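Undergrad: Just dropping this structure here.
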Amino acid sequence: MKPVTVITGAIAISIGSVLLTGSGHAQNKPNIPKEDHSDSLDKISRPLTKDCTFLRAGSALTQGITNLNQQDVGEINDFVLDSNNGKIRYAAVTYGGFPGLGNKMFAVPFEAITVLPNNNHEHDHRFLLKVDQEQLDGATGFEQDHWPDFADQEFLNKLDRRYNVRRDQDVPPSNAVIRANQLLNLKVLNIEDHQIGKVEEIILDTAHRKARYIIVSLDHHTTNGNKLFAVPFQAFQVKFDLKNRNQQNLVLKMSNHQITKIQGFDRDHWPDFTDPVYRKSLIEQFLFVKKQKDQGVKVGIDS
């Protein structure tokens, strides 16, 4: 996995309420509430630390999972994200290390998974899951085209009990979720409904269990050069294609004129996302939040 230093900040995912299915169908149009970003910078208060774990979702998919004894037990197939706040709710895993489970996927609460640096590969990470055969007795897997109902509270409670996850408060059942694999390579439209690019990558902050940014490439006629752009999840909304209800697009809530003014980075020269000045500039560029005059703002990681 290539090294990546990733930005986090006063960012929450708001890409709409998307029904999670294998084919990305949705029963209703996404209900996207209007958000107030006026205090986004004020909320960024804690100093940024560099010991947190950030992953590119595309690189983490199909990565192996080990147990506490360093034995291979399975691999990551997808991440289930809360489309309202970016929380990584579940990982979809296959258990190749246990007999009788076949190729089916299993939803695992992300709180049960520990992400650690890989001592053998400085810029890689390990997924650690405390699980054994007895724990998986009676577990029901699912196929790619038949995902479980994440609005089923009984189903969610069973997952927590199976993986010994204790929560301070119950997770509200909701189908307002979207998979990482659904997001990757989606078309990006501007507010005039013109295609301007596509999704290249998703940045996950595993320390705080959040999806922070969508990395997009924009068409040459939209911007000059072959650049990538780190865009807060809040700057997007999901839109379903009128001609094909199975097709989802991401709408970047900016006009073409505004987009021509944003700054990108080279594919082989990622910026220093720990730089608070750069982080604040992204908030200002994409969320149109301006720092109040003479007001000092510190950039923190868990906001």
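Undergrad: Going down the list Lys130/Lys187; Lys158/Lys239; Lys187/Lys280; Lys87/Lys239, which pairs span over 31 Å between their C-alpha atoms? Show your work: numbers first, answer last.
TA: Details: Lys130/Lys187 38 Å; Lys158/Lys239 33 Å; Lys187/Lys280 26 Å; Lys87/Lys239 21 Å.
Exceeds cut-off: Lys130/Lys187; Lys158/Lys239.
Undergrad: What ranking do Tyr95, Tyr213, Tyr163, Tyr278 get, fewest neighbouring Cβ atoms within 10 angstrom at the top?
TA: Numbers: Tyr95 24, Tyr213 28, Tyr163 21, Tyr278 16.
In order of increasing Cβ crowding within 10 Å: Tyr278, Tyr163, Tyr95, Tyr213.
Undergrad: Continuing with this model, one more query. Quick one: length gained pulling Gln195 to Val165 fully straight, 0.36 nm per residue minus the C-alpha distance?
TA: Working: separation 30, 0.36 × 30 = 10.80 nm, distance 4.20 nm.
Here the answer is 6.6 nm.
Undergrad: Starting from the Cα-Cα distance between Phe142 and Asn67, subtract it from 0.36 nm times their residue separation and give me the gain in nm to one decimal. Walk me through the numbers before you get to the answer.
TA: On the way: separation 75, 0.36 × 75 = 27.00 nm, distance 2.20 nm.
Full-extension gain reported as 24.8 nm.
Undergrad: Relative contact order for the range 57-177 using alpha-carbon pairs under 8 Å, separation at least 6, rounded to a whole percent?
TA: Numbers: 194 pairs, mean separation 25.9, N = 121.
About 21 percent, as a whole number.
Undergrad: Which Cα, out of Gln144, Asn77, His125, lies furthest along the positive dipole direction of the range 57-177 (beta carbon charges, K/R +1, D/E -1)?
TA: Result: His125, furthest along the dipole toward the positive end.
Undergrad: Over the range 114-206, with a single point scatterer placed on each C-alpha, what log10 of the ratio I(q)/I(0) does the Debye formula yield at q = 0.15, 0.18, 0.19 1/Å?
TA: -0.96, -1.16, -1.20
Undergrad: How large are Rg and Dmax for the range 57-177 when only the alpha carbon atoms are used, in Å?
TA: Looking at the range 57-177, its Cα Rg and Dmax stand at 14.1, 40 Å.
Undergrad: If I take R0 = 41 Å and measure r between the Cβ atoms of Asp272 and Asp149 in this structure, what FRET efficiency does the formula 1/(1 + (r/R0)^6) give, to the nearest 0.05?
TA: Values: r = 42 Å, r/R0 = 1.02.
Efficiency, rounded to the nearest 0.05: 0.45.
Undergrad: Right, here's the next one. Please arrange Lys210, Lys158 by how many other C-beta atoms lie within 10 Å of their C-beta, fewest to most. Show your work: numbers first, answer last.
TA: Details: Lys210 24, Lys158 14.
The most exposed by this proxy come first: Lys158, Lys210.
Undergrad: Additional query: Under a plain spin-label model, where a point goes 7 Å from the Cα along Cα-to-Cβ, how far apart in nm are Glu284 and Phe265?
TA: 1.8 nm
Undergrad: How would you rank 55-62, 105-112, highest first, on the average number of other Cβ atoms within 10 Å across their residues?
TA: Working: 55-62: 18.1, 105-112: 21.1.
Peptide ranking by packing, descending: 105-112, 55-62.
Taken together, the values in this text are just the output of simple stated rules run on the coordinates, not laboratory data. What you see is a predicted model, and the numbers here were worked out from it, not measured in a lab. Note that each Cβ is placed from the backbone with ideal geometry, even for glycine, and that neighbours are counted across all protein chains shown.
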